[in-house]
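Report on the following structure.
The values are calculated or read from the model by the stated rules, or taken from the named source; none is laboratory data. Because the structure is a prediction, the values reported are computed rather than measured. Reconstructed Cβ throughout: ideal geometry from the backbone, glycine too, with neighbour counts over all protein chains shown.
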Amino acid sequence: MKAILDERQWKHDPQNFMANGVVSRSPEQPARIGVLKAAAEAAGYGFAAPEDAGPGPIAAVHSAEYLTFLETIHGRWSRIEGAAPEVIPNIHPANRTDSYPQSAIGQAGFHQADTACPISEHTWESAYWSAQTAITGADLLAGGESGVYALCRPPGHHAYADLAGGFCFLNNSAIAAERLRSKGYRPAILDVDVHHGNGTQGIFYRRSDVLTVSIHADPARFYPFFWGHAHERGEGDGLGANLNLPLPRGTGDTDYMDTLEVALRRIASFGTDVLVVALGLDASIDDPFKGLAVTQDGFRQIGARLKATGLPLLLVQEGGYLSDTLGANLEAVLTGATGRG
């Protein structure tokens, strides 16, 4: 099976992350790439660089206003006297319908949901090539590949059409699904990250042509807090095309796999013919965020069950942060998905 990675993704190196009022270095570190790449290679995946499909597939999901902001904001921010090296907002609109300011500070508040998505000199470049990695993966599936691993970093599933958040800038899984839909497929997105894929949900919430399913730690007391609850089913044409399966903190392998079966039944009922997996590994019992308690064997079971669907699989890397078992967990998923585990 093939894997895609662009080395320019190393350049994004966020320094600031605030949790409980304390500022520390972001857990979304470039070193994740080296760990994940080595694990995928150990699972038998060979890496290639992505093609550049241009901005069109990205703009099919994200607004032109937002893309202009991402591409230009760091340069504009840097012209502010005394500005920090990273763009971090300190004010936000009360509603998305509030007025759109001209200032870099105001636009940062409009387009960045939280302090976990600082923008530095190379953020746009890395995010762009992260998205192109997912697009190339989608194109390979459309060309007949049965499975592709897209090592995307920075991740994407918290990014809305015009809003960054939670380490995410461009929604790689959504971009890939839309690319597949445009080629005549009926895609579903299955998000197995410990955090709810709120940006993905928001992008497709009023649409019926892409199914979104997310298994995650209950957001009642876990990021992203305001989205990911079981009653959120979609709106308008999208009613019934969104399924959230929140789990209690500390849920382990057995209950997780039972919930995965619920998700896969909905995916089958949708008539899905290609599956985009938002592959967060932070459901691990060893992950720093401590939301769920999936073991290495649990990740192997997840990979094997995905393979058993018989669907073409695009595995798009989302979360999963530095721990002693991060690489082993990815290797377990990938070997399961290739039938070797």
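Residues of region 276-306 being farther than 18 Å from GLU261 by Cα, among the polar types (S, T, N, Q) and out of contact with any strand residue (DSSP E or B) (no Cβ under 7 Å at 6 or more places or on another chain), which ones? Once the filter is applied, which keeps residues that are farther than 18 Å from GLU261 by Cα, among the polar types (S, T, N, Q) and out of contact with any strand residue (DSSP E or B) (no Cβ under 7 Å at 6 or more places or on another chain), region 276-306 yields only GLN296. In this structure, does GLY238 turn out to be of a type in the set (Gly, Ala, Ser), under 27 Å from SER130 (Cβ atoms) and out of contact with any Gly (no Cβ under 9 Å at 6 or more places or on another chain)? For GLY238, the condition - of a type in the set (Gly, Ala, Ser), under 27 Å from SER130 (Cβ atoms) and out of contact with any Gly (no Cβ under 9 Å at 6 or more places or on another chain) - is met. The single condition among (1) closer than 21 Å to ALA40 by Cβ; (2) touching a Gly at 6+ places or on another chain (Cβ under 9 Å) that THR254 does not meet is (1).
Taking the criterion of being assigned to a loop (DSSP other than H, G, I, E, B), closer than 20 Å to LEU281 by Cα and in contact with a Pro (Cβ under 9 Å, 6 or more places away or on another chain), the residues of region 172-196 that qualify are ASP193, HIS195, HIS196. When we screen ALA230, ALA278, ALA308 for residues that are in contact with a helix residue (DSSP H, G or I) (Cβ under 6 Å, 6 or more places away or on another chain) and either buried (at least 19 other Cβ atoms within 10 Å of the Cβ) or modelled with pLDDT of 95 or more (or both), the only hit is ALA278. Is there a residue in region 115-130 that is under 14 Å from the mean Cα position of the chain (by Cα), modelled with pLDDT of 95 or more and of a type in the set (Val, Ile, Thr)? No.
Quick one: what pairs do we get from region 110-134, first residue more than 22 Å from ALA19 (Cβ to Cβ) and free of Cβ contacts under 8 Å to residues at least 40 places away in the same chain, second among the acidic types (Asp, Glu) and assigned to a loop (DSSP other than H, G, I, E, B), C-beta under 6 Å, 6+ apart or different chains? Nothing qualifies.
With region 1-99 as the region, which strands (runs of 3 or more DSSP E) entirely inside it contain at least 1 residues that are modelled with pLDDT under 95 and either under 18 Å from the mean Cα position of the chain (by Cα) or aliphatic (A, V, I, L, M) (or both)?
17-19, 22-24
Just one residue in the set ILE88, ILE80 is surrounded by 13 or more Cβ atoms within 10 Å (Cβ to Cβ) and of a type in the set (A, V, I, L, M); that residue is ILE88.
Condition check ((1) modelled with pLDDT of 95 or more; (2) acidic (Asp, Glu); (3) within 25 Å of THR338 (Cα to Cα); (4) within 16 Å of the chain's Cα centre (by Cα)) across all residues:
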| position | (1), (2), (3), (4) |
| --- | --- |
| PHE167 | yes, no, no, yes |
| ARG181 | yes, no, yes, no |
| GLY184 | yes, no, no, no |
| ASP209 | yes, yes, no, no |
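Report every pair of residues separated by at least 6 positions or lying on different chains whose Cβ atoms are under 9 Å apart, first residue within region 276-294 and farther than 16 Å from THR254 by Cβ and of a type in the set (Lys, Arg), second at pLDDT 95 or above and surrounded by fewer than 24 Cβ atoms within 10 Å (Cβ to Cβ). Correct list of pairs: LYS290/ARG249; LYS290/GLY250.
When region 48-74 is limited to residues that are surrounded by 13 or more Cβ atoms within 10 Å (Cβ to Cβ) and among the acidic types (Asp, Glu), the one that is nearest to LEU151 (Cα to Cα) turns out to be GLU51. Within region 176-196, the set of residues being of a type in the set (D, E, K, R) and without any contact (Cβ under 8 Å) to a residue 60 or more places away in the chain comprises ARG181, LYS183. Considering ARG221, ARG206, ARG179, ARG186, the condition of being of a type in the set (Lys, Arg) and closer than 25 Å to ALA49 by Cβ is satisfied by ARG179 alone.
Going through (1) closer than 30 Å to ALA332 by Cα; (2) in contact with a helix residue (DSSP H, G or I) (Cβ under 7 Å, 6 or more places away or on another chain) one by one, PRO27 falls short only on (2).
Scanning region 100-114 for residues that are over 20 Å from PRO27 (Cβ atoms) and crowded, with 19+ Cβ neighbours inside 10 Å, we see that the one that is farthest from the chain's Cα centre (by Cα) is ALA104.
For the condition surrounded by 24 or more Cβ atoms within 10 Å (Cβ to Cβ) and touching a Lys or Arg at 6+ places or on another chain (Cβ under 8 Å), what is the one hit in VAL194, VAL210?
Values: VAL194 fails: touching a Lys or Arg at 6+ places or on another chain (Cβ under 8 Å).
The unique qualifying residue is VAL210.
The conditions of being among the hydroxyl-bearing types (Ser, Thr, Tyr), surrounded by 21 or more Cβ atoms within 10 Å (Cβ to Cβ), within 21 Å of ALA159 (Cβ to Cβ) and at pLDDT 95 or above are not met by TYR256.
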